[in-house]
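The values are calculated or read from the model by the stated rules, or taken from the named source; none is laboratory data. These figures come from a predicted structure and were not determined experimentally. Positions of Cβ are backbone-derived with ideal geometry, glycine not excepted, and every protein chain shown enters the neighbour counts. Each accessible area value is taken on the protein alone, full model and side chains, heavy atoms only, with ligands, DNA and RNA left out. Shrake-Rupley method; radii C 1.70, N 1.55, O 1.52, S 1.80 Å.
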Amino acid sequence: MTARIGVVTFPGTLDDQDSLRAVRVAGAEPVSLWHRDKDLHQVDAVILAGGFSYGDYLRAGAISRFSPVMETVIEQAKAGMPVLGICNGFQILTEAHLLPGAMLRNNHLHFICRDQKLRVENTETAWTSDYSEGQEISVPLKNMDGRYTADDHTLDELEAEGRVAFRYVDVNPNGSLRDIAGISNAAGNVVGLMPHPEHAVEPLIGTGRTDGLGFFTSIIKKLVNA
């Protein structure tokens with residue numbers, strides 16, 4: 001079985017081609033999905049790629065959340081389909097209430113682009129099983145509205161249930177509460193993070209390391225062994 005992983009393109013998406021390439025490098029079949037098409041074309045998992053969908057008008061991800069494709073993504077995610085939201089994709093997942101919390105403007109009010117060290121906190125999700133708990137990885141980070149926030153009850157719940165998937169290490173680049181870089185839903189099939197693992201799958205590009213490849217090999221193993 002060859003896993004089919006779809007990558008959604010919205011108006012303003014920047015990193016769909018990088019995500020499709022990462023899927024291919026990991027060994028799955030990449031499938032391009034268009035935001036106006038509700039049909040997911042029999043994919044086994046979905047990636048919402050990074051960028052500035054709809055120019056981040058209103059709020060980052062607020063308009064994309066109502067694109068026709070999201071009706072099906074939300075339905076399938078609730079039924080157990082694996083979904084990964086990267087950067088703007090994470091923002092869309094919070095706007096769609098598939099993940100709790102919200103993303104705010106970086107606390108220093110500047111766009112940031114840097115290699116970012118992360119610590120893996122949860123290896124039980126569909127997208128993180130190829131990592132080790134406590135493992136430190138480095139992947140590119142680039143955002144303007146990357147500050148994760150939620151009320152104390154939600155943050156405590158995420159901590160208690162082990163749903164913080166990644167934390168920033170050494171420096172918190174955007175003021176995210178509790179150094180949270182990525183989270184999962186309760187079932188572990190939906191994961192969102194601000195850094196860009198798709199830019200760290202080949203030595204030639206990104207950080208010069210392949211620390212992001214584990215996201216894509218994790219989901220392939222999950223789908224093939226299902």
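Given the structure, is N106 closer than 23 Å to E198 by Cβ, modelled with pLDDT under 95 and surrounded by fewer than 21 Cβ atoms within 10 Å (Cβ to Cβ)? Write out each step before concluding.
Details: closer than 23 Å to E198 by Cβ: yes; modelled with pLDDT under 95: yes; surrounded by fewer than 21 Cβ atoms within 10 Å (Cβ to Cβ): yes.
Yes; evaluated as a whole, the condition is true for this residue.
Yes/no per residue for (1) free of Cβ contacts under 8 Å to residues at least 12 places away in the same chain; (2) touching a Phe, Trp or Tyr at 6+ places or on another chain (Cβ under 9 Å); (3) closer than 23 Å to S184 by Cα; (4) not in a helix (DSSP H, G or I):
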{"position": "D37", "(1), (2), (3), (4)": "no, no, no, yes"}
{"position": "V46", "(1), (2), (3), (4)": "no, no, yes, yes"}
{"position": "I74", "(1), (2), (3), (4)": "no, no, yes, no"}
{"position": "G80", "(1), (2), (3), (4)": "no, no, yes, yes"}
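Report yes if some residue within segment 76-90 is over 15 Å from the mean Cα position of the chain (by Cα), modelled with pLDDT under 95 and either open to solvent by 10 Å² or more (accessible area, probe 1.4 Å) or more than 30 Å from R209 (Cβ to Cβ) (or both); otherwise report no. Looking for residues that are over 15 Å from the mean Cα position of the chain (by Cα), modelled with pLDDT under 95 and either open to solvent by 10 Å² or more (accessible area, probe 1.4 Å) or more than 30 Å from R209 (Cβ to Cβ) (or both), one finds none in segment 76-90, hence no. Annotation note: of G188, G206, the sole residue that is closer than 18 Å to A77 by Cβ and of a type outside the set (S, T, N, Q) is G188. Restricting attention to segment 3-17, the residues that are more than 11 Å from V69 (Cβ to Cβ), over 13 Å from the mean Cα position of the chain (by Cα) and either of a type outside the set (K, R) or in a helix (DSSP H, G or I) (or both) total 7.
Could you list, in sequence order, the residues of segment 1-31 that are polar (S, T, N, Q), surrounded by fewer than 19 Cβ atoms within 10 Å (Cβ to Cβ) and in contact with a strand residue (DSSP E or B) (Cβ under 6 Å, 6 or more places away or on another chain)?
Initially, segment 1-31 is screened for residues polar (S, T, N, Q), giving 2, 9, 13, 17, 19.
Right, trim to surrounded by fewer than 19 Cβ atoms within 10 Å (Cβ to Cβ) and you get 2, 17.
The one that is polar (S, T, N, Q), surrounded by fewer than 19 Cβ atoms within 10 Å (Cβ to Cβ) and in contact with a strand residue (DSSP E or B) (Cβ under 6 Å, 6 or more places away or on another chain): T2.
Cβ-Cβ contacts under 8 Å between residues 6 or more apart (or on different chains), taken from a first residue in segment 199-222 that is free of Cβ contacts under 8 Å to residues at least 40 places away in the same chain to a second residue that is crowded, with 19+ Cβ neighbours inside 10 Å, are listed as I205/H199; T210/A200; T210/V201.
Please indicate, with yes or no, whether at least one residue in segment 151-160 is surrounded by 19 or more Cβ atoms within 10 Å (Cβ to Cβ), within 16 Å of P195 (Cβ to Cβ) and touching a strand residue (DSSP E or B) at 6+ places or on another chain (Cβ under 8 Å). There is no residue in segment 151-160 that is surrounded by 19 or more Cβ atoms within 10 Å (Cβ to Cβ), within 16 Å of P195 (Cβ to Cβ) and touching a strand residue (DSSP E or B) at 6+ places or on another chain (Cβ under 8 Å).
For D39, are the conditions met, namely being modelled with pLDDT of 95 or more, out of contact with any helix residue (DSSP H, G or I) (no Cβ under 6 Å at 6 or more places or on another chain) and surrounded by 20 or more Cβ atoms within 10 Å (Cβ to Cβ)? Quick ask: steps written out before the conclusion?
Details: modelled with pLDDT of 95 or more: yes; out of contact with any helix residue (DSSP H, G or I) (no Cβ under 6 Å at 6 or more places or on another chain): yes; surrounded by 20 or more Cβ atoms within 10 Å (Cβ to Cβ): no.
Spelling it out, it is not the case that D39 is modelled with pLDDT of 95 or more, out of contact with any helix residue (DSSP H, G or I) (no Cβ under 6 Å at 6 or more places or on another chain) and surrounded by 20 or more Cβ atoms within 10 Å (Cβ to Cβ).
Just to be sure I understand, how many residues within segment 173-222 are in a loop (DSSP other than H, G, I, E, B) and modelled with pLDDT of 95 or more? If you could, list the steps in order and put the result at the bottom.
If we filter segment 173-222 for residues that are in a loop (DSSP other than H, G, I, E, B), which is where we start, we get 173-176, 185-189, 194-196, 200-212.
This time we only want the ones that are modelled with pLDDT of 95 or more, so: 173-176, 185-189, 194-196, 200-201, 210-212.
Residues flagged as in a loop (DSSP other than H, G, I, E, B) and modelled with pLDDT of 95 or more within segment 173-222 amount to 17.
Yes or no, residue by residue, for (1) over 17 Å from K142 (Cβ atoms); (2) surrounded by fewer than 18 Cβ atoms within 10 Å (Cβ to Cβ):
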{"position": "V171", "(1), (2)": "no, yes"}
{"position": "I180", "(1), (2)": "yes, no"}
{"position": "A187", "(1), (2)": "yes, yes"}
{"position": "V191", "(1), (2)": "yes, no"}
{"position": "H196", "(1), (2)": "no, no"}
{"position": "A200", "(1), (2)": "no, no"}
{"position": "G208", "(1), (2)": "no, yes"}
{"position": "G214", "(1), (2)": "yes, no"}
{"position": "K222", "(1), (2)": "yes, no"}
